[in-house]
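Read-outs throughout are calculated quantities, based only on the coordinates presented, and are distinct from any laboratory measurement. Being a predicted model, the structure only gives us computed values, none of them experimental. So basically every Cβ, Gly included, is an ideal-geometry build from the backbone, and we count neighbours across all protein chains shown.
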C-alpha cells in the first residue's frame with residue numbers, strides 16, 4: 001500500500017470541543033473493539049446520527065465489536081469518498 005507507515009486521514013476524527021477532545025484522550029490507548037460498543041450502547045438510538053456526523057460507519061450496519069481495523073478503514077474510506085464527491089459536486093456547502 002502506498003500509504004504504509006503514514007497516518008491516513010481516514011484514521012482521524014475531528015472533535016469540535018474540549019469535552020470531546022478530553023474524552024478522546026481518555027480512550028486513546030484503549031481497544032476500539034471494547035470502548036466503541038460501550039459508547040454505541042450509551043448513545044442508544046442517537047448512535048447512528050452521531051457516527052454519521054463524524055463520517056463513521058453506522059453502528060446499525062457495521063459490527064464494531066467483531067470487525068478488524070482494516071475493515072473499519074475500508075468502510076470509512078467509502079464514506080469519505082462519497083462525502084468528498086458530494087462536496088466537490090457542490091451538493092454540500
Förster-model FRET efficiency, 41 Å R0, residue 30 and residue 81, C-beta, rounded to 0.05: 0.90
Expected sort for 37-43, 82-88 on mean C-beta neighbours within 10 Å, highest first, is 37-43, 82-88
Nearest 0.05, what FRET efficiency do residue 43 and residue 66 give at R0 = 25 Å with Cβ-Cβ as r? 0.85
Among rounded, prolate and oblate, which fits region 31-93 when a ≥ b ≥ c are the square roots of the eigenvalues of its C-alpha gyration tensor, a/c under 1.5 means rounded, and a/b larger than b/c means prolate? oblate
